[in-house]
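Comments concern the structure below.
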Amino acid sequence: MPAKKALITGITGQDGSYLAEYLLSMDYEVIGMIRRSSTMSFERIAHFQDRVTLVSGDLADEVSMLTILKEHRPNEVYNLAAQSFVQTSWGQPVFTGETTALGVTRVLDAIRMADPEIRFYQASSSEMFGKVHEVPQRETTPFYPRSPYGVAKVYGHWITVNYRESYGMHATSGILFNHESPRRGLEFVTRKITNGVARIKCGLDDALYLGNLDAQRDWGYAADYVEAMWRMLQQDSPNDYVLATGETHSVREFCELAFSVVDLDWEKYVRRDERFFRPAEVDLLVGDPSKAAALLGWRPSTSFEDLVAMMVTADVDRVRKGLV
Ligand code: NAP
Ligand code: G4F
């Protein structure tokens, strides 16, 4: 049988890089969509760049995606591209809507026109639960987004469901809770903390400035989550799935643990900074992954403690090599 072909939008991001590695390990032919920029940053994909085909396109431009689909004819499309930083979405709400919301319609429409048999994965988010209606959150929990990003993701989720129901497309939505790794962007709180810990340990900084320490998140390991994305598209029928660990921890707990990995006391270094508080906060996220466990046979394999230790160790290593 010929190898399967997958298109990944957002291949240069955290999840895109792990998913590409995973699909390559299963002999997929991987096409990665990248957008034009004045300085290309392939930091996360440099180690396998010669094994994937990179093509130019943008979620803002439907024609570019239609052309890619017609030319490369993938069996599966994983839509991971987005303006993914919640804080930025208040400063750039229209841009966030263009990319994170309408961008999903553009990909779905391009698939509908090029080949409606292509299987589609949409990167939905636990941010859609926002001001939560129940604890833990599951596929049936009503949405109450608290940021322009969350609102855009709700649109992306429902347009995926709508194309599934309107056109019979194999369009699936993975509602993923926060997942992190040493490849996480430096602006997200986990990586900001582990990078800060490494810089303080190595004598480059003497403080770490953070916002709300009380927020609670269900943090898992990104490499575990991309495997479940693939499993979703191997099912006979499209569906919606929550991916989460089922455990929640506060930003404060994350700090405490991260500093303890290098034998430092977090209270001596962490300072509160109003700039990092949000106009509206998501206070508590904790997911129920039992549907994914039952239907996909998926379970996260990395504990919170191991995740924090992995990220701190990787950042200390990078700082010692002068890389961050
Ligand atoms: P990320 O590291 O921020 O990566 C985002 C990717 O999207 C990058 O490759 C970026 O390209 C690309 N992109 C942004 N705007 C684009 C556009 N207009 N056209 C084409 N590509 C564009 O995000 P991530 O953490 O890997 O997350 C992947 C997806 O899952 C996102 O949709 C995110 O919203 C969603 N999600 C993430 C989490 C999480 O905890 N990580 C949880 C739930 C859902 P550049 O490299 O050029 O910037
Ligand atoms: O790391 P964060 O920026 O992630 P957030 O907002 O939960 O969003 C991430 O997870 C979503 C899934 O639920 C994804 F859809 C989304 O794309 C992204 O990957 O912030 C986590 C928490 C927030 O409550 C924030 O207020 O940490 C709090 N926080 C406290 N101080 C901070 C800081 N967040 C950041 N980024 N920087 C701070 O200094």
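Things to note:
- For region 197-214, filtering for residues that are assigned to a strand (DSSP E or B) and buried (at least 16 other Cβ atoms within 10 Å of the Cβ) leaves 2.
- Of all residues in region 103-138, those satisfying the criterion of being in contact with a helix residue (DSSP H, G or I) (Cβ under 8 Å, 6 or more places away or on another chain) and of a type in the set (A, V, I, L, M) are 104, 107, 108, 110, 111, 113, 114, 118, 123, 128.
- Within region 57-92, considering residues that are within 15 Å of ligand 2 (Cβ to nearest atom) and surrounded by fewer than 19 Cβ atoms within 10 Å (Cβ to Cβ), the one farthest from residue 171 (Cα to Cα): 91
- Among the residues making up region 125-143, those that are of a type in the set (Asp, Glu) and within 15 Å of ligand 1 (Cβ to nearest atom) are 127, 139.
Yes or no, residue by residue, for (1) outside any helix (DSSP H, G or I); (2) more than 12 Å from ligand 1 (Cβ to nearest atom); (3) not assigned by TED's automatic domain parsing to the domain that holds residue 228:
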residue: 123; (1), (2), (3): yes, no, no
residue: 161; (1), (2), (3): no, yes, no
residue: 175; (1), (2), (3): yes, no, no
residue: 190; (1), (2), (3): no, no, yes
residue: 195; (1), (2), (3): no, yes, yes
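- The numbered conditions (1) in contact (Cβ under 8 Å) with a residue 60 or more places away in the chain; (2) outside the structural domain of residue 89 (by TED's automatic domain parsing); (3) within 16 Å of ligand 2 (Cβ to nearest atom); (4) hydrophobic (A, V, I, L, M, F, W, C) are all true for residue 296 except (3).
- Filter result for residue 244 (among the small types (Gly, Ala, Ser) and within 15 Å of ligand 2 (Cβ to nearest atom)): yes
- For residue 34, the conditions (1) touching a helix residue (DSSP H, G or I) at 6+ places or on another chain (Cβ under 8 Å); (2) within 15 Å of ligand 1 (Cβ to nearest atom) all hold with the exception of (1).
- Across region 14-33, the qualifying residues are those that are in contact (Cβ under 8 Å) with a residue 12 or more places away in the chain and of a type in the set (S, T, N, Q), and the one among them that is surrounded by the most Cβ atoms within 10 Å (Cβ to Cβ) is 17.
- Against the conditions (1) crowded, with 23+ Cβ neighbours inside 10 Å; (2) among the hydrophobic types (A, V, I, L, M, F, W, C); (3) assigned by TED's automatic domain parsing to the domain that holds residue 173, residue 233 satisfies every one except (1).
- The residue of region 258-285 that is surrounded by the most Cβ atoms within 10 Å (Cβ to Cβ), among those that are of a type in the set (A, V, I, L, M) and assigned to a helix (DSSP H, G or I), is 258.
- Close contacts from region 124-148, counting a first residue that is surrounded by fewer than 17 Cβ atoms within 10 Å (Cβ to Cβ) and a second that is of a type in the set (S, T, N, Q), with Cβ to Cβ under 7 Å and a gap of 6+ residues or different chains, come to 133/141; 134/141.
- Here is the figure for region 93-109: residues that are touching a Phe, Trp or Tyr at 6+ places or on another chain (Cβ under 6 Å) and within 14 Å of ligand 2 (Cβ to nearest atom) total 2.
- If you go through region 44-56 and keep only what is surrounded by fewer than 19 Cβ atoms within 10 Å (Cβ to Cβ) and touching a residue at least 12 places away in the same chain (Cβ under 8 Å), you end up with 48, 51, 53, 54, 55, 56.
- Among residues of region 84-110 that are of a type in the set (Lys, Arg), those with a beta-carbon under 7 Å from a residue that is more than 10 Å from ligand 1 (Cβ to nearest atom) at least six positions away or on a different chain give the pairs 106/62.
The values are calculated or read from the model by the stated rules, or taken from the named source; none is laboratory data. Computed from a predicted structure; not experimentally measured. Methodologically, a virtual Cβ is constructed for each residue, glycine included, from the backbone with ideal geometry; neighbour enumeration extends over all protein chains shown.
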